[in-house]
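The values are calculated or read from the model by the stated rules, or taken from the named source; none is laboratory data. Nothing here was measured: the structure is a model prediction, and the numbers come from that model. Ideal geometry is used to build each Cβ from the backbone, glycine not excepted, and the neighbour counts take in all protein chains shown.
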Amino acid sequence: MDNNRLLVSLSQCLSLFPFLGALINIKKIKECLLPVFVLLFVNVAVEIIATIYIEFDKNTNEILHVFTVIEFSLLSLFFAFFFKKYFNPIVIYISIPLFFIVAYVDYKINGLNSADNFSVSVESFILVIYTLFFFYYVLKNLIFDNLLAQPVFWISTAVLFYFSGNFVLFVFANYMMRVDLDKYLLLWSIIHTFFNVLYNIFLGIGIWKTRIR
Amino acid sequence: MENKDQIDIFTLVVIASMGILVLMLFIVFFIALYQKRMLAHKTELVDAENKHQKKLLDASLEIAEQERIKIATNLHDDIGITLSVLKLNLSRAKKNINNIAVFDEIISDSNKNIDDSLDTVRSIYNDIMPPTLMKLGFVKGIKELCNQINYTDTTEISFSTAQENMEFDKKIELQLYRLVKEVLNNTIKHGKPSIIEINIEINGSCLLVTMLHNGLGITTEAIKKLSEQSTGLGLKSILTRTQLINAIIDFTILNDQIAKVTINVPI
């Protein structure tokens, strides 16, 4: 268990990396990167609050329910602000209030004290679709001369890796918790931590690229 | 059994997560790599188009230069020499003013020289500004052109149109006339047809010139390749003039015996 906590703590600390990068490049944070910056701030805040809750043996699930909704809204706005330069992303705008309904249903069925796996799974599915559409659109229209120099590319890659990699984990989380909690926590600390590390590294690269632009 | 199912679920989640990771890595690498290639290809196409446009521009400048040289040569070799001879004749006439026979001969020669010069001037003028085209319009101009070619007995040209009195922008008329003339010259020179049929009709807001001939045909793709490879100005001139009037020219081979050229011009 100590090793699990170590891994989780490591991934929590790594969320500071993109946040610090955003603070340094704060003047360059414009347009579609604004929701990502807010999300980084919320990420760090949630990590700190979750750590305090764990220290006092309190259930962190109620924070995570709220965090999921905020995370989805901000990432959807990121894609919406990017796409609005090319067409009206009304589908993305509509998905935000619809997700509120999904989160509410999850809360009503499972309550605030259990994990929000249903809403996180839906969130993962929708965000993966947004990122795949982003890559398709960018490739089809050749919007950028140098894709690897674009912050939006790295942020989309971060979202794609994190939410697609953790998707199966999110979907089966409730079942695995009921079956073997220790094994589930071990799996969570390895898989989720791994993808969380990738997520924060790619986000950090994306934020750093705003400096080079 | 239940334990086995439990282990299987955990194994499934691990394998599925790793599988998804590999898939996403592949997707992202593929996109980054493919985007570079597509961009390189797009740049290549734009460069090729720019080169082609530059070639056409160079060709049109060279055509204009050659026409100036032709006019200058005609003026110098024909009219210049004739005027020099006339000047000499005037000096001779002054000296032989009392010799009526010689005087008459000089006057007669000078008249002939002046007539020759006037013919040369008319020929240059007709080449630059065909009078039938200028005064009577495009249809009559083309008819006149067909008559001129028929007089040479190289090819038999027949002309038909439903609209005898069509009028449109003079600049387009002149360029279209020159384009049709250039196409006819090329067709007769390279296709060697014995019969050509020309038809002109208005199709909505476009003028359609159709030429059918029984000579050696060529396709539009072959024309484009040849214009890039060859140094001759004829094909480049055709393509340049087509672009100038926003026309579309199409060369097709209908069968072994008939080839077709269509020029579609918005008017």
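At a glance:
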read-out	value
Failed item in (1) modelled with pLDDT under 85; (2) facing chain B (nearest Cβ under 9 Å), with A:ILE190 passing the rest	(1)
Scan of the range B:111-145 for residues that are small (Gly, Ala, Ser), part of a helix (DSSP H, G or I) and more than 19 Å from the chain's Cα centre (by Cα), ordered by number	B:SER117, B:SER123
Residue within the range B:46-54 that is without any contact (Cβ under 8 Å) to a residue 24 or more places away in the chain, assigned to a helix (DSSP H, G or I) and within 14 Å of chain A (Cβ to nearest Cβ) present	yes
Residue match in the range A:133-150 (condition: free of Cβ contacts under 8 Å to residues at least 40 places away in the same chain and closer than 24 Å to B:ILE9 by Cβ)	no
Some residue of the range A:140-150 being of a type in the set (Lys, Arg) and either facing chain B (nearest Cβ under 7 Å) or buried (at least 21 other Cβ atoms within 10 Å of the Cβ) (or both)	no
Tally of residues being more than 9 Å from chain A (Cβ to nearest Cβ) and within 15 Å of A:LEU139 (Cβ to Cβ) across the range B:7-41	7
Condition broken by B:PRO131, with the remaining ones in (1) modelled with pLDDT of 85 or more; (2) away from chain A (no Cβ under 14 Å) satisfied	(1)
Complete set of residues in the range B:54-72 that are more than 15 Å from B:SER237 (Cβ to Cβ) and surrounded by 11 or more Cβ atoms within 10 Å (Cβ to Cβ)	B:ILE71, B:ALA72
Residue within the range B:34-51 that is surrounded by 12 or more Cβ atoms within 10 Å (Cβ to Cβ), within 23 Å of the chain's Cα centre (by Cα) and closer than 27 Å to B:LEU244 by Cβ present	no
Any pair with Cβ under 7 angstrom, 6 or more apart, that starts in the range A:14-25 at a residue that is under 9 Å from A:TRP208 (Cα atoms) and ends at one that is outside any helix (DSSP H, G or I)	A:ALA22/A:ILE29
Condition met for A:TYR162 (under 30 Å from A:THR51 (Cα atoms) and surrounded by fewer than 21 Cβ atoms within 10 Å (Cβ to Cβ))	no
Residues (at pLDDT 85 or above, hydroxyl-bearing (Ser, Thr, Tyr) and either out of contact with any helix residue (DSSP H, G or I) (no Cβ under 7 Å at 6 or more places or on another chain) or not in a helix (DSSP H, G or I) (or both)) located in the range B:199-252	B:SER205, B:THR210, B:THR219, B:THR220, B:THR252
Yes/no for A:TYR93 being at pLDDT 85 or above, in a loop (DSSP other than H, G, I, E, B) and more than 17 Å from the chain's Cα centre (by Cα)	no
Inter-residue pairs, beta-carbon under 6 Å, first over 17 Å from A:TYR130 (Cα atoms) and in the range A:65-76, second part of a helix (DSSP H, G or I) and aliphatic (A, V, I, L, M), 6+ apart	A:PHE67/A:VAL46
Any hit, the range A:104-115, residues being within 14 Å of chain B (Cβ to nearest Cβ), in a helix (DSSP H, G or I) and in contact with a helix residue (DSSP H, G or I) (Cβ under 8 Å, 6 or more places away or on another chain)	no
Residues (part of a helix (DSSP H, G or I) and in contact with a Ser or Thr (Cβ under 8 Å, 6 or more places away or on another chain)) located in the range A:10-34	A:LEU10, A:SER11, A:GLN12, A:LYS28, A:LEU33
Qualifying residue in the range B:14-22 (condition: modelled with pLDDT of 80 or more, in a helix (DSSP H, G or I), hydroxyl-bearing (Ser, Thr, Tyr) and loosely packed, with under 13 Cβ neighbours inside 10 Å)	no
Meets criteria (out of contact with any Phe, Trp or Tyr (no Cβ under 6 Å at 6 or more places or on another chain), in contact (Cβ under 8 Å) with a residue 24 or more places away in the chain and either surrounded by 18 or more Cβ atoms within 10 Å (Cβ to Cβ) or farther than 21 Å from B:LEU216 by Cβ (or both)) for B:PHE168	yes
Subset of the range B:95-110 [in a helix (DSSP H, G or I) and not aromatic (Phe, Trp, Tyr)]	B:LYS95, B:ILE100, B:ALA101, B:VAL102, B:ASP104, B:GLU105, B:ILE106, B:ILE107, B:SER108, B:ASP109, B:SER110
Criterion (farther than 21 Å from A:ALA173 by Cβ and under 15 Å from the mean Cα position of the chain (by Cα)) met by exactly one of A:VAL44, A:VAL66	A:VAL44
Selected residue (criterion: surrounded by the most Cβ atoms within 10 Å (Cβ to Cβ)) from residues of the range A:168-182 that are at the interface with another protein chain (Cβ under 8 Å from one of its Cβ atoms) and out of contact with any Phe, Trp or Tyr (no Cβ under 6 Å at 6 or more places or on another chain)	A:LEU169
